[in-house]
Amino acid sequence: PRDVDPGTVYLYDRDAGTVAKQYESRPELPTEHLAHMKPVRYQARDGLSVPAYLTLPRGVEPEDLPVVILPHGGPSARDYWGYDAYAQFLANRGYAVFQPNYRGSSGYGEAFLNAGNRAWGTGPSQHDATDGVKWLIAEGIADPERVCIFGGSWGGYMTLAGVTFTPDLYRCGVPYVAPSNLVTLLESIPPYWKPFAKTLFMRLGDPAVEADRKDMESRSPFFFSDRIKVPLLVIQGANDPRVKKAEADSIVVAVRDKGKPVEYLVAPDEGHGFRAPENRMSVAVALERFLAKHLGGRVQDEVRPEIAERLAAITVDPASVKMPDKFEKALLARARTAPLPAADGSAIQPATLSYKVHMEMGSRKMDLDVTRTVERTKKEDRPRIRITSTTKLPMGEQVDVFDLDAETLRPIEREVGGMATVKLKYGDDAITGEMAGGGRKMPIDAKLQ
């Protein structure tokens, strides 16, 4: 096999010492335009040497390129040097394609294979993909603002984990028949997987064991979907026996309900990976359009009518998707014990807001005007988000100034002024200050547990 040849068969005559070409598997493919795949190695954060393949687009300098990270499925599989249809397609559209054989991949020895056991999502296997991106940036190959991750099956899980647990690394993600919840993935394995269950439990964990189950939940993108910031193109086969459609539905709903952009393709006649030519072509059209929108690569404007029609038929409106019952119950169960999501002050934008407030207390009625401003400021060399609320009362104005840490959104101090005053300071273990009104003052010293 060659990296720029999808398959040509030759017959070697040993006696005569001659070689005769028998046939080409894709004679219509102009192989002179294909891109070469280069084996590379880079160093992970713990010093391990990680093998990978890099395919660069032809005709451009390998500098500040848009990049697609293409992790393989498996998990206990690997990428090989040779012709790769997706790598060639993406390189043709102007993207550098990076295929890391992260730890847990086969073909590099038992120790490397087993190093991936229970190391997914937030562990060293995912770090290998992350460190590959950082290596590409350090080498000057990748534009750090134009990196996307796209993978199928276990590579789809790596994709979801990438945009979830390293949300600032990628510009977009394309999970294709991708598990979003490791627990439900293993609880719904098809019968023909049963002989491999023991190996799967060794690699991922056993959901019947409470400690394993909690660990698997902590590595499942579904439970942390609030961290996803970037656009997704989710692709799923309706009849997939390995990764059920519920895995895709759940992540579409979770991302959609957070107000993040998500596109969804579901082929009713496909299973684990698309096989029908019209479906595969539709995915290619959707993929190149999605990547062009977010990374700026080339896109073919003309599409055959039958492919455009098929793409429209398998495109699902995310607003029509419902959260599967099993996932909703799992989310509610985890919410009772899971830690609160990490606050992210970068999402807070300056604003000025106006409200009309109507209050009724017994027979008394009151209409109030409230103006609230949100601004970024600094005090005592500490960046803050300041929320100032001014309320017009019949007795005068009341001004409430509340300062939050600009990064963590933890409260710092609050001061309310008007007929009564409140001054509070928030520490790690206590809230201190005082309240005053009507000539009286009351100290505040509330201990925090």
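Tallying residues that are open to solvent by 10 Å² or more (accessible area, probe 1.4 Å), over 13 Å from ALA142 (Cα atoms) and assigned to a loop (DSSP other than H, G, I, E, B) within the stretch 30-59 yields 9.
Candidates are the residues of the stretch 221-247 that are within 29 Å of GLU145 (Cα to Cα) and β-branched (Val, Ile, Thr); the one that is farthest from the chain's Cα centre (by Cα) is ILE235.
Just one residue in the set SER218, SER250 is open to solvent by less than 30 Å² (accessible area, probe 1.4 Å) and under 19 Å from the mean Cα position of the chain (by Cα); that residue is SER250. Just to be sure, is VAL252 of a type in the set (Val, Ile, Thr) and closer than 25 Å to GLY162 by Cα? Against the criterion (of a type in the set (Val, Ile, Thr) and closer than 25 Å to GLY162 by Cα), VAL252 qualifies. Within the stretch 225-247, the set of residues being part of a helix (DSSP H, G or I) and crowded, with 23+ Cβ neighbours inside 10 Å comprises SER225, GLU247.
The single condition among (1) touching a strand residue (DSSP E or B) at 6+ places or on another chain (Cβ under 7 Å); (2) over 26 Å from ASP344 (Cα atoms) that TYR192 does not meet is (1). Within the span defined as the stretch 349-357, every residue fails to be touching a residue at least 60 places away in the same chain (Cβ under 8 Å) and not basic (Lys, Arg).
Scanning the stretch 407-443 for residues that are farther than 29 Å from ARG376 by Cβ and either under 47 Å from the mean Cα position of the chain (by Cα) or surrounded by 12 or more Cβ atoms within 10 Å (Cβ to Cβ) (or both) gives ALA436, GLY437. Yes or no: the stretch 175-188 includes at least one residue that is open to solvent by 20 Å² or more (accessible area, probe 1.4 Å), more than 15 Å from the chain's Cα centre (by Cα) and not β-branched (Val, Ile, Thr). Yes, there is a match, as at least one residue in the stretch 175-188 is open to solvent by 20 Å² or more (accessible area, probe 1.4 Å), more than 15 Å from the chain's Cα centre (by Cα) and not β-branched (Val, Ile, Thr). Taking the stretch 396-423 as the range and being within 22 Å of ALA343 (Cα to Cα) and either of a type in the set (D, E, K, R) or assigned to a strand (DSSP E or B) (or both) as the test, the residues that pass are VAL401, PHE402, ASP403, LEU404, ASP405, GLU407, ARG410, PRO411, ILE412, GLU413, ARG414. If you check ASP226, ASP143, ASP168, ASP131 for being of a type in the set (Asp, Glu), in contact with a Pro (Cβ under 7 Å, 6 or more places away or on another chain) and within 24 Å of GLN43 (Cβ to Cβ), only one passes: ASP143.
Kindly check whether there is at least one residue in the stretch 268-291 that is in contact (Cβ under 8 Å) with a residue 60 or more places away in the chain, within 20 Å of LEU185 (Cα to Cα) and outside any loop (DSSP other than H, G, I, E, B). Yes, the conditions are met somewhere in the stretch 268-291. When the stretch 192-209 is filtered for residues that are more than 17 Å from GLY74 (Cβ to Cβ) and open to solvent by less than 30 Å² (accessible area, probe 1.4 Å), only PRO207 remains. Does ASP257 fit the bill of being of a type outside the set (Val, Ile, Thr), surrounded by fewer than 18 Cβ atoms within 10 Å (Cβ to Cβ) and closer than 14 Å to MET323 by Cβ? So ASP257 fits the description; yes.
Among the numbered conditions (1) within 30 Å of ARG213 (Cα to Cα); (2) free of Cβ contacts under 8 Å to residues at least 12 places away in the same chain; (3) not small (Gly, Ala, Ser), the only one that LYS378 does not meet is (1).
Across the stretch 320-341, the qualifying residues are those that are open to solvent by less than 80 Å² (accessible area, probe 1.4 Å) and either in contact with a strand residue (DSSP E or B) (Cβ under 7 Å, 6 or more places away or on another chain) or of a type in the set (A, V, I, L, M) (or both), and the one among them that is farthest from GLU247 (Cα to Cα) is ALA338. Close contacts from the stretch 173-186, counting a first residue that is closer than 17 Å to VAL234 by Cα and a second that is of a type in the set (Val, Ile, Thr) and open to solvent by 10 Å² or more (accessible area, probe 1.4 Å), with Cβ to Cβ under 9 Å and a gap of 6+ residues or different chains, come to GLY173/VAL230.
The values are calculated or read from the model by the stated rules, or taken from the named source; none is laboratory data. Remember, it's a predicted structure, so these values are computed and weren't measured experimentally. So basically every Cβ, Gly included, is an ideal-geometry build from the backbone, and we count neighbours across all protein chains shown. The protein model used for the area step is the full one, side chains on, heavy atoms only, and it has no ligands, DNA or RNA in it. Shrake-Rupley method; radii C 1.70, N 1.55, O 1.52, S 1.80 Å.
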